[in-house]
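Novice: Next up is a structure, given as structure tokens.
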Amino acid sequence: MPINQYFIEDLAVGQTEKLSRTVTEALINAFAEVSGDNNPVHLDAAYAATTQFGERIAHGALASSFISAVLGTRLPGIGAIYVSQTTKYRAPVRIGDTVETIVTVKEIDLARKRAVFTTDCFVGETKVVTGEATLMVASRAA
């Protein structure tokens, strides 16, 4: 995966980057281990079958972690630091789903070295996660 570094002066409203990741059982298990979130809806097929989803689903935070991957490695990339993130989970992500994450520059504040990004994750045509992120972005002048 290419790693980019955009400085605040390089950004333009409407600029977009994407990343696709396929959710696997191993990825869900690893996320549960790292996060400590062992909710059986993510890990236990028998339990998950009794829920409204009918099967195991990925952690919402796993899906939204793909946003961090785009922001930290592609746009704006190296050196960018999260200030805030809003997230709304709209639909479940299942094992085998490919999540396409799209971040788009919404606002740029050169004086404060901050940028706001729309953050959306899709499985096919279905938007599964949506929100906004504000990041500190390095300046060429620094």
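The values are calculated or read from the model by the stated rules, or taken from the named source; none is laboratory data. Worth saying up front: this structure is predicted, and the values here are computed from it rather than measured. Counting neighbours? That spans all protein chains shown, and the Cβs are built from the backbone with ideal geometry, glycine included. SASA here: full protein model, heavy atoms, side chains in, ligands and nucleic acids out. Shrake-Rupley method; radii C 1.70, N 1.55, O 1.52, S 1.80 Å.
Novice: What are the residues whose amide H is under 5 Å from the amide H of residue 138, where those residues sit 5 or more places off or on another chain and H is modelled from the backbone?
Specialist: 8
Novice: Can you check what the net charge comes to around residue 108, using other residues whose Cβ is under 11 Å from the Cβ of residue 108 (Lys, Arg +1; Asp, Glu -1)?
Specialist: Net charge in that neighbourhood comes out at 0.
Novice: Grab the eigenvalues of the alpha-carbon gyration tensor for the chain, scale each by 5, take roots, and send me the semi-axes largest first in whole angstrom. Each step should come with its number before you reach the end.
Specialist: Details: eigenvalues 204, 38, 30 Å².
In descending order the semi-axes read 32, 14, 12 Å.
Novice: Moving on. Which distance in Å, rounded to a whole number, links the C-alpha centroids of segment 62-128 and segment 15-60?
Specialist: 18 Å
Novice: Quick one: net charge of residue 57's neighbours, Cβ under 11 Å, K/R +1, D/E -1?
Specialist: With Lys, Arg at +1 and Asp, Glu at -1, the net is 0.
Novice: Considering only protein heavy atoms and a probe of 1.4 Å, how much of the accessible area of segment 4-142 is carbon and sulfur, as a whole percent?
Specialist: Roughly 51 percent of what the probe reaches on segment 4-142 is carbon or sulfur.
Novice: Also: Rounded to the nearest 20 debye, what is the charge dipole size of the chain about its Cα centre when +1 sits on each Lys and Arg Cβ and -1 on each Asp and Glu Cβ?
Specialist: That gives the chain a dipole magnitude of about 340 debye.
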